1. Determine, from the Cβ-Cβ distance of D:Ala43 and B:Glu26 and an R0 of 41 Å, the FRET efficiency 1/(1 + (r/R0)^6), rounded to the nearest 0.05.
2. At 20 °C and 1.002 mPa s, grab the translational diffusion coefficient of chain A from Stokes-Einstein with a Kirkwood Rh over Cα pairs, rounded to a whole number in µm² per second.
3. About the Cα centre, and with charges only on the beta carbon of Lys, Arg (+1) and Asp, Glu (-1), how big is the dipole of the range A:8-88? Nearest 20 debye, please.
4. Enter the mean projected area of the convex hull around the alpha-carbon atoms of the protein assembly as shown, in nm², rounded to one decimal.
5. Express the relative contact order of chain D as a whole percentage, based on alpha carbon pairs under 8 Å and six or more residues apart in sequence.
6. If packing is taken as the mean number of other Cβ atoms within 10 Å per residue, what is the order of B:18-30, C:53-65, highest first?
7. My understanding is that a pair violates if its Cα-Cα distance is over 25 Å; which of A:Lys90/B:Lys75; A:Lys90/B:Lys10; A:Lys86/C:Lys10; B:Lys90/D:Lys10; B:Lys86/C:Lys19 do that in this structure?
8. Using 0.36 nm times the number of residues separating A:Glu71 and A:Lys86, minus their current alpha carbon distance, what extension gain do you get?
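Just so it is clear, none of the values below were taken in a lab; they were calculated from the coordinates. Computed from a predicted model, the values in this text were never measured in an experiment. Here the Cβ positions follow ideal geometry from the backbone for every residue, glycine too, while neighbour counts run over all protein chains shown.
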Protein chains: 4
Amino acid sequence: MSHLSLDNTKLISRLRRIKGQMEGVERALESEADCGEVMRQLASIRGAMTGLTREVMEVHMREHVVAGPTEADRKSGAEEMIQILKSYMK
Amino acid sequence: MSHLSLDNTKLISRLRRIKGQMEGVERALESEADCGEVMRQLASIRGAMTGLTREVMEVHMREHVVAGPTEADRKSGAEEMIQILKSYMK
Amino acid sequence: MSHLSLDNTKLISRLRRIKGQMEGVERALESEADCGEVMRQLASIRGAMTGLTREVMEVHMREHVVAGPTEADRKSGAEEMIQILKSYMK
Amino acid sequence: MSHLSLDNTKLISRLRRIKGQMEGVERALESEADCGEVMRQLASIRGAMTGLTREVMEVHMREHVVAGPTEADRKSGAEEMIQILKSYMK
């Protein structure tokens, strides 16, 4: 499958922001913060990760499933997506 | 609400492992890796974050909802949990 | 655990509406409708089921975890909730 | 988009089984059953619905996104899938 050709710079900066949020949870755990606050921060990280994952899926769908150069590429792109969906939809 | 009194050292090391996985995704994006691989790594991070979040929820349920020192503490612990569930169950 | 004392009549009518949606999917499948439409109907059912489940969880949290008559009742209510969360948070 | 050409008979019987489970929840609510039991039944229905939905998505991916007769068909099949993913990945 050809390389990921989405706007990686934007994705990388989103990922770094999420890493910053995780460092916030780390500090909260180190300072034995209130677990309500830790749960809120974890829920916010989950939302950010879900948005990031969905964007990568969209690019994969458009570039490797629909516009794959050959039918074989399209098929393998679709099977990759189906495997990923299995891990999300339990 | 009293501080989070779960085994924070274990949670912190789990969190650091997940941060390491995120650095892996960052490298994959920087090297324009195949988006199937990026999606697989993101799905694995999601699984690890879900497990970590569930553990914090369990401690919160046992320590702040059931065993909160007063009925008022128990009520506010339960309301915190209900708000968190709203963000997970959409 | 004491009986579910939430407004069952409202929950039952919500459940019947969802059953009606499912009959809609059944007709769509029987008439070999477009799978995009079937997926949209299934997503809508999922949303309705999630809302209904969350409401039952809220009542359980308030009535059986926080306000359980004894500490033993509260503990078993919390453990029930923790088991349910495991099935949702994979 | 061409009609859903997956094995509808199997899907319809799965859907009917899930409807039967919902009737079980209806009876449980009518008989004011224990909400732990109602939550377990709802979680089981959710699992069955998720499996059914995933199967329809797989067929859609293979038949309408990868093997759509024209590029325009493939594109519209992919966009339908992307919209559905948005409702699942919040």
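1. Numbers: r = 36 Å, r/R0 = 0.87.
That pair, D:Ala43 with B:Glu26, gives E of 0.70.
2. Working: Rh = 15.1 Å.
For these conditions, the coefficient is 142 µm²/s.
3. Values: 13 positive and 13 negative charges, 51 e Å.
Dipole size: approximately 240 debye.
4. Working: hull surface 70.9 nm².
Its Cα hull, projected and averaged over all orientations, spans 17.7 nm².
5. Values: 47 pairs, mean separation 25.7, N = 90.
Worked out over chain D, it gives 29 percent.
6. Values: B:18-30: 16.6, C:53-65: 20.6.
Listed from highest to lowest mean packing, they are C:53-65, B:18-30.
7. Details: A:Lys90/B:Lys75 31 Å; A:Lys90/B:Lys10 27 Å; A:Lys86/C:Lys10 34 Å; B:Lys90/D:Lys10 28 Å; B:Lys86/C:Lys19 23 Å.
Long pairs (Cα-Cα over 25 Å): A:Lys90/B:Lys75; A:Lys90/B:Lys10; A:Lys86/C:Lys10; B:Lys90/D:Lys10.
8. Details: separation 15, 0.36 × 15 = 5.40 nm, distance 2.26 nm.
Once the chain is fully extended between A:Glu71 and A:Lys86, it gains 3.1 nm.
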